[in-house]
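FYI, it's all coordinate maths here, none of it is from the lab. Nothing here was measured: the structure is a model prediction, and the numbers come from that model. Please note: Cβ atoms are built from the backbone with ideal geometry, for glycine as well, and neighbour counts cover all protein chains shown.
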Amino acid sequence: MTGLANALRVVVELFVDDGALAIAIVAVVTLSAALAVLPPGQPLLAGIVLLGGCLAVLAANVLRAVQRRG
Amino acid sequence: MMSALPAVTAAFLASLVEAVEALTIVLAVATVRGWRPAGFGALAGFVFLALIVLALGPVLDRVPLHLLQFVIGVMLLLFGMRWLRKAILRAAGVIPLHDEGATFASETAALRDEERQRVARLDRLAALASFKAVLLEGLEVVFVVIAVGAGGRFLVPASAGALLACVLVMAIGFVLHRPLARVPENTLKFAVGVMLSAFGVFWTGEGLGVPWPGEDLAIIAFAALFFSVAIAAIALTRRRLVEVSP
């Protein structure tokens, strides 16, 4: 059981280093998916939200890391 | 039709970084306990990775393309932006650079310490260290290859790029008999982080049916945007660090 838990932890750590970053990315993807799928489907707007959201999340996360350090 | 070049480049660069990290540990094990446990552990790691790839390959062909693109896109975003964030923080000096020389020294010291304490079945421990290094770093290589290859059905060229990087690093490492400390690891991670994040946005959007202007060429524009934001973040972070330092 411990071995399985360790293996699972290793796999999760491949994708999640900073929990806040991962949650923010998932939130952006969810919002984008909602815009694309829910009526009236607006796929291009979904793409803009996805791209802009990811860039904003990256910048905000890095700046927050500096503030935490300071 | 999309070119395989971006997928091959991303797989090659990502594999280069991971191969250097794995080789550092394997060399440390070989230095202290000899090539037998180091080689055995590394070989076992390779076999385990090959089994994972063989198990995943047929499954991927059965998944609908849009679903595959969406799932892989999200995973690429998580993985790529994690790398990019860390590379930005390292470039700005917020966290220390990854030092292969230091890793080699600490791994060697740890094994020597255990040797002094006459830990039972030391060769098995050494082989396990080698196995874990190859498996853990190799998992990242396997993920990158599957992620950048499967979304556009370029698994074979992406695998070739990854394999070329691993062979190159192994050849240089075995000739030099020391870790490749001069590889600009953070620069490579920065570049790969930018590429994987751009791929991630593209594939996630494709999976959601986003009509990207310029189709595949949009990846280049996304990479340029991630690069610009990352460079700006480094500059801003450095300035903030100067402001807050006494």
Exercise. Find the relative contact order for chain A and round it to a whole percent, using C-alpha pairs within less than 8 Å whose residues are 6+ positions apart.
Key: 26 percent
Quiz item: Angle, helix A:2-15 long axis vs. longest principal axis of chain A, Cα atoms, 0 to 90°, nearest 10?
Solution: 40 degrees
Quiz item: Mind checking which of B:Val210, B:Val192, B:Val26 has the largest fluctuation in a GNM of chain B, springs on alpha carbons under 10 Å?
Solution: B:Val210
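Sort B:74-83, B:133-142, A:43-52 by the packing proxy (mean of other Cβ within 10 Å over each peptide's residues), most packed first.
Answer by packing, highest mean first, reads B:74-83, B:133-142, A:43-52.
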Self-check item: DSSP H segments from chain B that extend 27 Å or more along their own axis, Cα-based, with Kyte-Doolittle mean of 0.5 or above
Solution: B:5-33, B:35-62, B:65-92, B:122-150, B:155-176, B:185-208, B:218-244
Practice problem: Give, to the nearest whole percent, the P(r) tail of chain A beyond 16 angstrom, counting all Cα pairs. | Solution: 60 percent
Quiz item: Angle between the Cα long axis of helix A:43-69 and the longest principal axis of chain A, 0 to 90 degrees, nearest 10?
Solution: 40 degrees
Quiz item: Mean separation of Cα pairs under 8 Å and 6+ residues apart, divided by the residue count of chain B: what relative contact order is that in percent?
Solution: 41 percent
Quiz item: Among B:Arg85, B:Arg62, B:Arg36, whose mean-square fluctuation peaks in a Gaussian network model of chain B (Cα, cutoff 10 Å)?
Solution: B:Arg62
Self-check item: Most fluctuating residue given options B:Glu107, B:Glu215, B:Glu185, as computed from a GNM of chain B linking Cα atoms under 10 Å
Solution: B:Glu215
Exercise. Quote the Stokes-Einstein diffusion coefficient, in whole µm² s⁻¹, for chain B, based on the Kirkwood radius over alpha carbon pairs, a temperature of 10 °C and a viscosity of 1.306 mPa s.
Key: 82 µm²/s
